[in-house]
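The values are calculated or read from the model by the stated rules, or taken from the named source; none is laboratory data. Quantities reported herein were computed from a predicted structural model and do not represent experimental measurements. Ideal geometry is used to build each Cβ from the backbone, glycine not excepted, and the neighbour counts take in all protein chains shown. Only protein heavy atoms, including side chains, enter the accessible area calculation; ligands, DNA and RNA are left aside. Shrake-Rupley method; radii C 1.70, N 1.55, O 1.52, S 1.80 Å.
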Amino acid sequence: MPESMPTGIARRRIPSTGKSLPVIGLGTYRAFDVPIRDSELVPLETAVRSLVSRGGSLIDSSPMYGRAEAATGAVVARTGLQENLFLATKVWATGRAAGIAQMEDSMRRMGTSRMDLFQVHNLLDWRTHMATLMNWKESGRVRHIGITHYHRGAYPDVEKALTSEKWDFLQVNYSLEEAEAEERLLPLAAELGVAVIANRPFAQGALFSKVRDMTLPCWAVEYGCNSWAQVFLKWILSHQSVTCVIPASRTREHTEDNLNAGVGTLPDTSARARILSWFRSL
């Protein structure tokens, strides 16, 4: 079972280091792709302050996400919370020189001299970037390295990359709508000692569309859920191979709602199977 902080936010171990990470993080896809001005940054500041106040730390971005890296860096600077955060981003380029240039730009935009996690976005030229990332890790410029994808069609390639090199993290899509990662990738990550970040936890809103106008089922109360977001996130976290899930949010209210999924009881193996069956029947 995950350990708990005084704030109630659960944490899970990063296998390669033994350190732990809060189980709810903050994604920036679309949510942080905003102009760098006060009116747009203030709501993001409140979201980040809520994340930290509840014991959360991971903020995940990418150069693929428009202005998200720059907005993240601006918010971190304005809040002064960098020491409380676990910053993660990605490299999404072809070729060694282009990759290094992009990674340098990401570090500058996010305002850090040491990235907590650098990931190869969607496996793009991952063998080339792996060599750079290993060098940066050895020199202390990055603490952890990983690979990401968002589509089940790439899972065979993800498996190959996982078994070919030593990674600290795998980031992959996993939700009630897109549960295929639990068939092979999640067990493989556990076997190899790779931490897992679940992206697309709401399947780009598809989960909410299925339950629109529905009231929460009575069994949701058993797990302390008072919103659909918490039901969806707790189901993801009930798979013990998942280290952290990163719902995107640009407001304090949504961030707080998501963070509440990181406390209390999780469905056991039989319950999570029933929940998946229920969802597929909708």
Can you tell me which residues in the stretch 118-175 are open to solvent by less than 10 Å² (accessible area, probe 1.4 Å) and among the aromatic types (Phe, Trp, Tyr)? 118, 167, 169, 174
Does residue 95 meet the test of being open to solvent by 50 Å² or more (accessible area, probe 1.4 Å), at positive phi and modelled with pLDDT of 95 or more? no
The condition from (1) among the polar types (S, T, N, Q); (2) farther than 24 Å from residue 15 by Cβ; (3) free of Cβ contacts under 8 Å to residues at least 40 places away in the same chain; (4) open to solvent by less than 40 Å² (accessible area, probe 1.4 Å) that residue 238 misses is numbered (2)
Of all residues in the stretch 202-218 being open to solvent by 20 Å² or more (accessible area, probe 1.4 Å) and touching a residue at least 24 places away in the same chain (Cβ under 8 Å), the one that is farthest from residue 281 (Cα to Cα): 202
From the option list 98, 93, single residue qualifying as free of Cβ contacts under 8 Å to residues at least 40 places away in the same chain and touching a Gly at 6+ places or on another chain (Cβ under 9 Å) is 93
Hey, residue 85 over 20 Å from residue 35 (Cα atoms), open to solvent by less than 10 Å² (accessible area, probe 1.4 Å) and not charged (D, E, K, R) or not: no
